[in-house]
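The values are calculated or read from the model by the stated rules, or taken from the named source; none is laboratory data. Owing to the predicted nature of the structure, the values given are computational and were not obtained by experimental measurement. Here the Cβ positions follow ideal geometry from the backbone for every residue, glycine too, while neighbour counts run over all protein chains shown.
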Amino acid sequence: MSLFLFSCKTTFTATNHLLNKGFPNNNVINLNHRLHRAVLKHHPSLVIIMIGTNDMINPPKMISFSEYKSKLNELVTNIKQHGIHVLLLSPPPVDITDLLSRRSKKRFKVLPNEKIDSVTAIIHQIAVEQHCMYLDINRIFKEHHSPNDTKSSLIRNEINSERKDGVHPTAEGYQLIAKSIFNFLKSRGKNYQRIICFGDSITFGAYVRGEGSTKGDTYPAILKRLLFPK
C-alpha cells in the first residue's frame, strides 16, 4: 500500500519548470488554506487545478455545492490577483460499484457521479465567469469509456489493480490527463515556463511510481516531460 511520502519543500530550479503540489484527501477548502506555501510563494506563471473529488464523494471532506462554488471562486480570485494564469480541470468520473463497496450508499443522497457531474458544471461556470482556461477531463474519460469493469478501465478496479478503488486513475489514466493538458495548451499556443499542478491525490499521483513528485507516472511528471523535454 502506498505510504504517500514526499517533501513539501520542492521549489523551482533551473531545470525544474513544473511542480507537483497535489496532496491526498484535500478538498477545495484545504487548497485555499495551503495556497500561499504551495503556490504563491513559488511565483508560477500557470496553476493547473483539479479539485472536487473529495468534496463530493469522500464523507469526511464532503461539502455542499454552494460552499464548493464559493471556495473555488475564492481560490481562483486569489491566484489571478497575483497575475497568474489558471487552468481548471474537471475531475474524472468514478466507478460507483467499487466506490460503494467501501463507502456506505447511505452517505449519498445523490449518486456520486451525479455529484461529480454537478461539480463539473460549477467548474465550467467559474472558468467562464473568471475568464480562465477550462479542460473537461470528466468528458475525456467518458469518451474513453472509463471507468468500466474491465482491465482496460482508466480508473483503478479489482481487475487492473487488485483493489476495489473506483476513484484513482491507472498509470494509463494519468497519462491521458497529461496528454490532454499538453494538447490543450499547445493547440492554443500557450507557453508557460513555471507551472504548478495543484489538487488532491489525483494530482499527487496516488498508487503510481513517483507519487507526490514530477518523476515516474504521475500526471505532473508526464506533463513535465512533454512540455520540457531535455
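Assorted remarks:
- Test set (1) of a type in the set (D, E, K, R); (2) over 19 Å from N25 (Cα atoms); (3) in contact (Cβ under 8 Å) with a residue 60 or more places away in the chain - D217 fails condition number: (3)
- The lone exception for Y207 - which of (1) touching a residue at least 60 places away in the same chain (Cβ under 8 Å); (2) in a helix (DSSP H, G or I); (3) touching a Lys or Arg at 6+ places or on another chain (Cβ under 8 Å) it fails: (2)
- The number of residues in region 132-166 that are closer than 26 Å to N183 by Cβ and either touching a Cys at 6+ places or on another chain (Cβ under 8 Å) or not aliphatic (A, V, I, L, M) (or both) comes to 19.
- Of the listed requirements (1) more than 30 Å from H36 (Cα to Cα); (2) among the aliphatic types (A, V, I, L, M); (3) in contact (Cβ under 8 Å) with a residue 60 or more places away in the chain, I123 misses just one: (1).
- Members of region 142-158 that are charged (D, E, K, R) and surrounded by 14 or more Cβ atoms within 10 Å (Cβ to Cβ): K142, R156, E158
- In this structure, N20 does not qualify as on the phi > 0 side of the Ramachandran plot and either under 15 Å from the mean Cα position of the chain (by Cα) or in a strand (DSSP E or B) (or both).
- Test: T120 is polar (S, T, N, Q), closer than 23 Å to I29 by Cβ and surrounded by 16 or more Cβ atoms within 10 Å (Cβ to Cβ): yes
- Of residues in region 178-224 being of a type in the set (D, E, K, R) and buried (at least 17 other Cβ atoms within 10 Å of the Cβ), the one nearest to the chain's Cα centre (by Cα): D200
- Here R225 meets each of (1) outside any loop (DSSP other than H, G, I, E, B); (2) in contact (Cβ under 8 Å) with a residue 40 or more places away in the chain with one exception, condition (2).
- Some residue of region 37-46 being on the phi > 0 side of the Ramachandran plot, at pLDDT 95 or above and out of contact with any helix residue (DSSP H, G or I) (no Cβ under 6 Å at 6 or more places or on another chain): yes
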